[in-house]
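Peer 1: I have a structure I would like to understand better, so I am pasting it below and will then ask my questions one at a time.
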Amino acid sequence: MKIVIAPDSFKGSLSALDAARAIEKGVKKACPKASTVLVPSADGGEGTAESLIAATDGRMVEVIVSGPLLKPVKASYGILGDKATCVIEMACASGLNLIAPSERNPMVTTTYGTGELIKRALDDGCRNFILAVGGSATNDGGAGMLQALGMKLLDSEGKPVGPGGGELSRIRTIDDCDFDERIKEASFLIASDVQNPFIGPDGASHVFGPQKGATPEMVDVLDRNLAHWADLIELKTGIRLHEKSGAGAAGGIGGAFQAFFPAETKRGIDIVIEYTGLREKLAGADCVFTGEGQTDFQTASGKTPMGIAQEAKKLNIPVFVLAGSVGRGIDQLYEHGVSSVHSILNSPMGLDEAMERGAELLEFTAQQVMRTFMATKF
């Protein structure tokens, strides 16, 4: 019996690889002779680099870059097994997780560190890039990233503007004379499920600004500033970002990629499926185990279990989702290949205990689901 095990990470508890190993232990307890194929997965957020590195026998490179508040942070990027493709998780340089809740302020947070990561990878010889842009702390329209790569954003006196979304309104000139020439030689694949435009009620500032620390007053200022930035970009490049789908991703960095980089955007899970070879590994499988920390209505928007199930459905392979917690709206998942959803909590417990016991709970639940599957199959 062949079992494919392809979970996402259980954030704060288990990496995707650790989760896969815990599920494998449970499966083997129920069926010792089962042949298991581990495919640690991700959807373009945290864990994407780890998943692709594991799948391609690549390596991680640690560097010091500027964090969202320009304080030095330890970040990393992955070089895949082909030694030419770089995978960067924006959150490790410009992420919300890098600053305390009391310091979150998208008026001043910057994507400069993300640009530094790209520059360092270019120095390493990388020309193919995969950018996972989830979890950002920023709303600067990618301005900081562009500055780190040599673009000059100048005010009315010809001086560089400062960091953050609050400074965008001061920009009068976009000078790209020193913009890194190597970018033209490269390709950028943006892993993002966000379809929001650059500005407006559905844009970056209004939809994502509050979770990054923006007050209602800040949201209005940030939206106006992004509109000004978009006007300048249109004058410079002829590309209108204002209503463009996906331009609002990660505080508008999606728009910067669309305007200034040879870039295309795909669902994060689709990129991971391609690079991990999941489609080939599903061949001949009897069932699939996947999972994530929280499964609810948002899972259907392109998160890991949804993407895994869609691929398995093409081959009529049943899919079991194991989740730290199960919320509302999971019924829609059954239309896309999910056979059943199981919470791994087996008794009343707090979040801290559940996270600490994650591997144990995942192993136990996988064993029970596997026993049920075997009873129905045979």
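All of the numbers you see were taken from the coordinates with simple rules; none came from a lab. No experiment lies behind these values; they were computed from the predicted model shown. No Cβ is skipped: glycine too gets one built from the backbone with ideal geometry, and neighbour counts run over all protein chains shown.
Peer 1: Given a Förster distance of 22 Å, report the FRET efficiency between Gln332 and Gln294 from their Cβ-Cβ distance, rounded to the nearest 0.05.
Peer 2: Efficiency computed from Cβ-Cβ geometry: 0.90.
Peer 1: Would you be so kind as to identify which of Val319, Ser301, Ala230 lies farthest towards the positive end of the dipole of segment 210-347, taking Lys and Arg as +1 and Asp and Glu as -1 on Cβ and the Cα centre as origin?
Peer 2: Going by the charge dipole, the pick is Val319.
Peer 1: Can you run phi through the Karplus equation (6.51, -1.76, 1.60; θ = phi - 60°) for segment 213-221 and list ³J(HN,Hα) in whole Hz, with x for Gly and Pro?
Peer 2: With the stated coefficients, segment 213-221 comes to x, 7, 7, x, 5, 4, 4, 5, 5 Hz.
Peer 1: What is the dipole size for segment 58-153, taken about its Cα centre, with +1 at each Lys and Arg Cβ and -1 at each Asp and Glu Cβ, in debye to the nearest 20?
Peer 2: With Lys and Arg at +1 and Asp and Glu at -1, about 100 debye.
Peer 1: Going by alpha carbons, how many degrees (0 to 90, nearest 10) lie between the helix axis of 249-260 and the longest principal axis of the chain?
Peer 2: 60
Peer 1: HN-Hα J couplings of segment 157-166 from phi, Karplus 6.51/-1.76/1.60, θ = phi - 60°, integer Hz, Gly and Pro as x?
Peer 2: Listing the rounded values in order: 9, x, 9, x, 7, x, x, x, x, x Hz.
Peer 1: If I stretch the segment between Arg279 and Lys159 completely, what's the gain in nm (0.36 nm per residue apart, minus their alpha carbon distance), one decimal?
Peer 2: My answer for the length gained is 38.0 nm.
Peer 1: Place a +1 charge on the Cβ of each Lys and Arg in the chain and a -1 charge on the Cβ of each Asp and Glu, then give the dipole magnitude about the Cα centre in debye, rounded to the nearest 20.
Peer 2: Using only the charged Cβ atoms, the result is roughly 960 debye.
Peer 1: Of all DSSP beta bridges located in segment 48-266, what percent are antiparallel, nearest 5?
Peer 2: So the antiparallel bridges amount to about 50 percent of the total.
Peer 1: Amide H to amide H, which residues 5 or more places from Val37 or on other chains are under 5 Å from it, using H placed in the peptide plane?
Peer 2: The answer is Ile3, Val4, Ile5.
Peer 1: Through the Karplus equation 6.51 cos²θ - 1.76 cosθ + 1.60, θ set to phi - 60°, convert the phi angles of segment 285-290 into ³J(HN,Hα) values in whole Hz; use x for Gly and Pro.
Peer 2: 6, 8, 6, 10, 10, 9
Peer 1: Every cysteine in the chain with no other Cys Cβ under 4.7 Å from its Cβ, please list them in numeric order.
Peer 2: If one checks each Cβ against the other cysteines of the chain, Cys31, Cys92, Cys177, Cys287 turn up with nothing under 4.7 Å.
Peer 1: Sort 253-265, 354-366 by the packing proxy (mean of other Cβ within 10 Å over each peptide's residues), most packed first.
Peer 2: Highest to lowest by the protection proxy: 253-265, 354-366.
Peer 1: While we're on this one: Where does the charge balance sit around Gly327 when Lys and Arg score +1, Asp and Glu -1, over other residues with C-beta under 12 Å from its C-beta?
Peer 2: -2
Peer 1: Same structure again: Using 7 Å Cα-to-Cβ label points, what is the Lys33/Arg172 separation (nm, one decimal)?
Peer 2: Distance between the two pseudo-spin positions: 8.0 nm.
Peer 1: Give the long-range amide H neighbours of Ala247: residues separated by 5 or more places, or on another chain, with amide H under 5 Å away, using H modelled in the peptide plane at 1.01 Å from N.
Peer 2: Phe198
Peer 1: On to the next question. Show the residues, 5+ positions off or on another chain, whose built amide H is closer than 5 Å to the amide H of Thr85.
Peer 2: Leu80
Peer 1: On to the next question. Can you compute the charge dipole magnitude of segment 145-230 about its Cα centre, using +1 on each Lys and Arg Cβ and -1 on each Asp and Glu Cβ, nothing else charged? Give it in debye, rounded to the nearest 20.
Peer 2: Its charge dipole is roughly 80 debye.
Peer 1: Another question, then. Please go through the residue pairs Lys11/Lys377; Lys71/Lys119; Lys212/Lys266; Lys152/Lys236; Lys2/Lys33 and name each one whose alpha carbons sit more than 21 Å apart in this structure.
Peer 2: Lys11/Lys377; Lys212/Lys266
Peer 1: Shifting gears a bit: Label point 7 Å out from Arg59 along Cα-to-Cβ: which residues of segment 112-143 have amide N under 14 Å?
Peer 2: Within reach of a label on Arg59: 124-126.
Peer 1: In addition: Out of His242, Leu333, Ile23, whose Cα points farthest toward the positive end of the dipole of the chain (charges: +1 Lys, Arg; -1 Asp, Glu; placed on Cβ)?
Peer 2: Ile23
Peer 1: Of all DSSP beta bridges in the chain, what percent run antiparallel (nearest 5)?
Peer 2: Once the DSSP bridges in the chain are tallied, antiparallel ones form about 35 percent.
Peer 1: Hey, can you rank 286-295, 208-217, 34-43, 145-154 by average C-beta count inside 10 Å, highest first?
Peer 2: My ranking of the peptides, most packed first, is 286-295, 34-43, 145-154, 208-217.
Peer 1: Measure nothing fancy, just the Cα-based angle from helix 304-313's long axis to the longest principal axis of the chain, in degrees from 0 to 90, nearest 10.
Peer 2: Result, in degrees: 60.
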